[in-house]
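Working notes, beginning with the structure itself.
Any read-out appearing in this document is the output of simple, stated calculations on the displayed coordinates, not a laboratory observation. Quick caveat: nothing in here was measured; it's all calculated off a predicted structure. Cβ placement follows ideal geometry from the backbone for every residue including glycine, while neighbour counts extend to all protein chains displayed.
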Amino acid sequence: MSPIISPSELKNIPAENLVILDARTGKEVKQNYLEKHIKGARFIDLDKDLAEIGDNAAFGGRHPLPSVDKFAEALSNLGISEDAHIVVYDDKNASNAAARAWWMLRSFGFKDVQVLDGGMQAAEKAGLGFSSGEEIFDKAPLIKKEQWRFPVSSLEVVENELKNDSSTVIDVRDAYRYRGDSEPIDLVAGHIPGAINVPFSENLDENGNFLEPEILKEKYKQLLENKPEHLIIHCGSGVTACHTILALDYAGFPIPDLYVGSWSEWSRREGKEIAKDI
């Protein structure tokens, strides 16, 4: 199953076993959901359902992964059973939290998980139905898992891999953040020494839709030429990185490692070198 689904394809999916998740983020996001969402969509919260935020971002970053048990509880509360076909969306030109949800659901063990191309705006343009208020659904039985299935890297692993030149570490943040021009979210501007910059926005076309798989494949094939094959992807806090992991999967590449702590952890950890390209 393709990890990307178009609004027209979503229209034709049988309602049985279909679960649509609204993963939009921002200020008053729950209120925005209550005012308008794709008909039947259930709200999934980045900070509460897709992360377990700790007291110190220097250890784990701003959006650490929750335990698989905590995520299982969230899935149960969202009425998601093991045979569900899950479609996640957020806003046009983003798909960041939707991609994080996709990564976690796939890593949890779900096979039929897709991200809606173009987000809510594309759905509206395509004439999908919308509704407001809370959606009514039953809780689902708790699904037990032992661990995340997809590979993750720690700060120590990233540092060691770069030191030994045994992995290609990709920073998917905007170029001005990578260069160190300014930093709107974290405490320090710059990047992990040795990481290369491929902004996640380059996975999209001018309309905010994912580039075709063949184009993405050729793009990353050229970018990674003569570089270590093993990939570690990071961003600011382990959310936007999933957008590029999604794009790589869409293009047919193996699932790379996710450095969850990302720049929010590295830049706060005492003694870690910070590079700038100003």
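Angle check, please: helix 213-223 long axis (alpha carbons) against the longest principal axis of the chain (alpha carbons), in degrees 0 to 90, nearest 10. Once rounded, one gets 10 degrees. Summary of packing: across the peptides 113-124, 38-49, the per-residue average of other C-beta atoms within 10 Å ranks them, highest first, as 113-124, 38-49.
Take every Cα pair under 8 Å in the stretch 77-157 that's 6+ residues apart, average their separations, divide by the length, and report that relative contact order as a whole percent. Mind showing how you got there, number by number?
Details: 83 pairs, mean separation 32.4, N = 81.
With pairs under 8 Å counted, the relative contact order is 40 percent.
Rounding to the nearest 10 and keeping the result within 0 to 90°, find how far the Cα-based axis of helix 68-77 lies from the longest principal axis of the chain. The answer is roughly 30 degrees. Helix content alone sets the calculated 222 nm mean residue ellipticity of the chain: runs of n ≥ 4 DSSP H residues at -39500 (n - 2.57) each, divided across all residues, give -8000 deg cm²/dmol. Helix 241-250 axis versus longest C-alpha principal axis of the chain: approximately 70°, rounded to the nearest ten. Can you pull out the GluC sites (Glu not before Pro) in the stretch 194-278 that DSSP calls coil and that have at most 15 other Cβ atoms within 10 Å? For GluC sites (Glu not before Pro) across the stretch 194-278 that sit outside H, G, I, E and B with at most 15 neighbouring Cβ atoms in 10 Å, the list reads Glu206, Glu225, Glu229, Glu270, Glu273. Each label point was placed 7 Å from the Cα along the Cα-to-Cβ direction; for Leu142 and Glu35 their separation is 3.7 nm.
If you run the Gaussian network model on the chain, springs between alpha carbon atoms under 10 Å, then out of Gly133, Gly109, Gly208 the most flexible one is Gly133. Going Cα to Cα from Lys217, which aspartates and glutamates come in below 15 Å? Please leave out same-chain ones fewer than 8 positions away. Reachable aspartates and glutamates: Glu202, Asp205, Glu225, Glu229, Asp249. Here the Karplus curve 6.51 cos²θ - 1.76 cosθ + 1.60, taken at θ = phi - 60°, turns the phi angles of the stretch 30-36 into couplings of 5, 5, 4, 4, 5, 6, 6 Hz, with x standing for Gly and Pro.
Between Ser201 and Ala275, the modelled labels are 2.2 nm apart [label points 7 Å from Cα along Cα→Cβ]. Ignoring solvent entirely, what values of log10 I(q)/I(0) come out of the Debye formula for the stretch 7-158 at 0.15, 0.16 Å⁻¹ when each Cα is a single scatterer? The Cα Debye sum returns log10 ratios of -0.79, -0.89.
Each residue of the stretch 257-262 was assigned a 3J(HN,Hα) from its phi angle through the Karplus expression (A = 6.51, B = -1.76, C = 1.60, θ = phi - 60°), giving 6, 9, 8, 5, x, 6 Hz with x at Gly and Pro.
If you take the square roots of the eigenvalues of the alpha-carbon gyration tensor of the stretch 165-221 and sort them as a ≥ b ≥ c, do you get rounded (a/c under 1.5), prolate (a/b over b/c) or oblate? Present the calculation step by step, with values, prior to reporting the outcome.
Details: a/c = 3.71, a/b = 1.44, b/c = 2.58.
It comes out oblate by the Cα gyration axes.
Above 18 Å, the calculated P(r) of the stretch 152-266 contains 47 percent of its Cα-Cα pairs. Between Ser166 and Glu229, the simple spin-label model (points 7 angstrom out along Cα→Cβ) gives 1.5 nm. Once backbone amide H atoms are built at 1.01 Å from N, Gly190 has Gly180 as its partners under 5 Å, excluding neighbours fewer than 5 places away on the same chain.
When only alpha carbons of the chain are considered, Rg and Dmax amount to 18.3, 54 Å.
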